[in-house]
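Only one structure is covered here, and it is reproduced in the block below.
The values are calculated or read from the model by the stated rules, or taken from the named source; none is laboratory data. All values derive from a computational prediction rather than experimental measurement. Ideal geometry is used to build each Cβ from the backbone, glycine not excepted, and the neighbour counts take in all protein chains shown.
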Amino acid sequence: MNDDKAKIDIIEYLSRSDTWYLGGGTALLWAPTHPQWLDHLGFWDGAHYSSYEFQPIFTTTLLDEKERVLVPKFVSRKWNPAFLTQTYHVAGKIELTETKALLPNDSLISELTLKNNATIPRIIHFVMWTGQPVVLSEAEISVPDGICDGRRLSFRKGLRTEGPDDYAVTCCMGMNRDILSTCLAQSQNVPNLPRWEYTPFYEKFRDGHLPHENGADHVKPGELLYMALHTSVKLNPHARKSLVCAANIAATAQESWARLAETLRAKEPLRQSIRSWRTFFERVPYFACSDKHIQKYYWYRWYALKLRTVSKDGASPSCQWAPIHMRETRWMDTPDVAHESFLSLQQSQTGDGNYPDTLFPHTTPSHDAPPAPWARSVLAVHAIHPNTDFLKKAYDSLVKYAAYCNQALDGEESGLYDVQSHFTIGRGYLSRRTEAPSDNKEGNENDSGRRLKGVDSTVTMYCTKKALSLLARTLGRVGEAEDWEDAADCIKRAVLDRMWDPSDEMFYDVDARTLERTKVKTVTCFYPYMTDIVDERHDRGFKRHALNPEEFWTPYPVASLSRDDPAFHPEARWRGKRNHRPWNGRVWPIANCHVAEALVNAGNRADPSLISKAVELMTKFIHMRFSKDDVRFPHSYEHYNPMTGQPSLYRGLDAVQDSWMVDLMMKYVAGVLPQGNGQLVIDPLPFEIQWLRVDRVPFRGHVVGVEIEGEEVRLYVDGVLKTSGQRGEKIELDV
């Protein structure tokens, strides 16, 4: 076998030196966006528990025989999905390696390995410590039992998020060696940094130990509580020794104690992370091809999906992400994760039928989520993993959701649906939402107050009702299916009557008060081309605008606002200053996915030349998401410069999930197209690849594989070659 086609060790394949994110726990994620202390031992930059920031966690200080601080000098870093390894030089000819990992039980571990390259023995003291601000709230820090069983300490911490309430969790910390001394000390507020000299322990560590003090009895708001565990090791000449420092965060002290004890008992806790990641990668379709950017991004995307999940079943906590999450995870060996992504939010559905924007672990979630393509995602999952019970639950829930959207977003029964506040839906600074400058004398950056009927929200509801019709028909509810089809037709007529501008050949948002078109050309205006709303009357407009380099087809397509709009700016600037999430020209991955689907749909329906543009878009889109186009360094930032392809590094948010990259690659690169009627179609688009191999693809209880060699396409089912054909010719099979 050609070496390029040999099986890939995914963990090693994704290894690199320029990142640090660790995931794979149940609720915990360590992915500091702008780390200040990355080169230090431990996890001082903090983590997130569910949607809550937890900062700091702990660091470790090394002292020598004379109780002098040994400052590790950072040398190098190597990361892979399972762990992060950092090497250091320490004075006195000591080599130090720290391996950090986040275990499936939400334990963060720091495994420290020291090697003594000197000719004399050394005594090294390890002090694992933290400094926690004390706040006055129901979740006030406390240390209920101090040190337990000689190895661990715990504290309770109140967390805050954008949600409505605080939330309290317990953090337990310990080492896998006998603890020689401990100390808890109060302090008035000082800069809370991982600096030994700033802690009370700097003056308390004497005669080789800390004083066994518990100074947590009378902590006051605004103060700091320092907590430390101490042990030591003797390093003979040329000897090597290791120890593990670990912290576990859980909702209750009992859970945290038990999980930390489990971690510290493990002979090699790091292997738990490796096994967890290997198991995950073995649950998804294997994918390899001659285009190294496509191949690398496929596996990087699966890493990002696991990294950002924060439930025991692997579901997404975000309403905006979850339909995308379902599209991606439907390709896994079982539908459990995709189902849970829907059911976890369904369980929080309000009485009026809306879904939450974000799930919080302890309180009523927010309910300002925009229309999302839930129903289409449910159908997409069902096409691969048919499950009538899930379909019934989803259908009943989606019926309530559609009713909510009708009432809340189209109370006037126009057939068009409101766009909610662009800040609510994460689409900041949209010229579609602001009045003309003359009507907005103060340059207000918030919504103008103008209520819009949006092309995107309306198309989403059209797709929802079309999907509900198919769901109802699948469940044998023929009368309901016809009603949903009629409701979808009403939306279609309204879109064509009110949103389509025949002279401009463009769909536009509509002012809800006047029902006049806004004439603002945004990328969302192309969303009808994903559907059967359009016909040959609209095809020229799609090419005229979407493929125009002076409007949307920028060097790195597709811009979120037309270049000829006065508000367009490629550098994330809005009214003179750079903003966090502007939609006035930046390339947004979610919009690119919609446009890619629109190009494929329009190409299959009317104009085959659009298929090549879809391939061009997806190819440029993938290459844009590599640092300097270097195949070693894939990324997934929130938005990108349409002229240069530069990402929003200033935001610090990598591995963002707002696009369905796996789904695009499986459908259009590998050509695997599951049909709702049980048929499987293989029809890869003309990407410039010489060979491709995909296997472990689930389909209705079978395992499918696809191979491309030159122009030949071969389809395998359950390991047996079923049929073959030529690229450009569809292979259709009833499995």
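For this structure, a couple of remarks:
- Yes/no for residue 45 being within 29 Å of residue 254 (Cβ to Cβ), without any contact (Cβ under 8 Å) to a residue 60 or more places away in the chain and in contact with a Phe, Trp or Tyr (Cβ under 9 Å, 6 or more places away or on another chain): yes
This table checks each residue for (1) surrounded by fewer than 18 Cβ atoms within 10 Å (Cβ to Cβ); (2) more than 30 Å from residue 694 (Cα to Cα); (3) outside the structural domain of residue 245 (by TED's automatic domain parsing); (4) out of contact with any Leu (no Cβ under 6 Å at 6 or more places or on another chain).
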| position | (1), (2), (3), (4) |
| --- | --- |
| 22 | no, no, no, no |
| 32 | no, yes, no, yes |
| 39 | yes, yes, no, yes |
| 53 | yes, yes, no, yes |
| 56 | no, yes, no, yes |
| 63 | no, yes, no, yes |
| 66 | yes, yes, no, yes |
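- Boolean, residue 566 is in contact with a Pro (Cβ under 8 Å, 6 or more places away or on another chain) and surrounded by fewer than 21 Cβ atoms within 10 Å (Cβ to Cβ): no
Residue by residue, here is whether (1) on the phi < 0 side of the Ramachandran plot; (2) at pLDDT 95 or above holds:
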position	(1), (2)
263	yes, yes
274	yes, yes
297	yes, yes
300	yes, yes
310	yes, no
314	no, no
318	yes, no
323	yes, no
327	yes, yes
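- Filter pass, residue 44 being within 18 Å of the chain's Cα centre (by Cα), in the same structural domain as residue 118 (by TED's automatic domain parsing), under 24 Å from residue 132 (Cβ atoms) and in a loop (DSSP other than H, G, I, E, B): no
- When residues in region 139-196 are screened for being β-branched (Val, Ile, Thr), at pLDDT 80 or above and either crowded, with 17+ Cβ neighbours inside 10 Å or outside the structural domain of residue 45 (by TED's automatic domain parsing) (or both), 4 of them pass.
- The residues of region 697-714 that are closer than 16 Å to residue 678 by Cα and either assigned to a strand (DSSP E or B) or touching a Ser or Thr at 6+ places or on another chain (Cβ under 9 Å) (or both), listed by number, are 697, 698, 699, 702, 703, 704.
- Those residues of region 262-309 which are closer than 28 Å to residue 244 by Cβ, of a type in the set (Val, Ile, Thr) and in a helix (DSSP H, G or I), in sequence order: 263, 274, 279
- Test for residue 345: is it hydrophobic (A, V, I, L, M, F, W, C), at pLDDT below 85, not in a loop (DSSP other than H, G, I, E, B) and not assigned by TED's automatic domain parsing to the domain that holds residue 679: yes
- Residue in region 3-20 that is loosely packed, with under 14 Cβ neighbours inside 10 Å, more than 30 Å from residue 205 (Cα to Cα), free of Cβ contacts under 8 Å to residues at least 60 places away in the same chain and small (Gly, Ala, Ser) present: yes
- Here residue 600 qualifies as among the β-branched types (Val, Ile, Thr) and either more than 23 Å from the chain's Cα centre (by Cα) or under 27 Å from residue 535 (Cα atoms) (or both).
- Screening region 282-300 for residues that are touching a Phe, Trp or Tyr at 6+ places or on another chain (Cβ under 7 Å) and among the hydroxyl-bearing types (Ser, Thr, Tyr) and picking the one that is surrounded by the fewest Cβ atoms within 10 Å (Cβ to Cβ) gives 290.
- Which numbered condition residue 729 fails, given (1) outside any strand (DSSP E or B); (2) surrounded by 22 or more Cβ atoms within 10 Å (Cβ to Cβ); (3) in contact with a strand residue (DSSP E or B) (Cβ under 9 Å, 6 or more places away or on another chain): (2)
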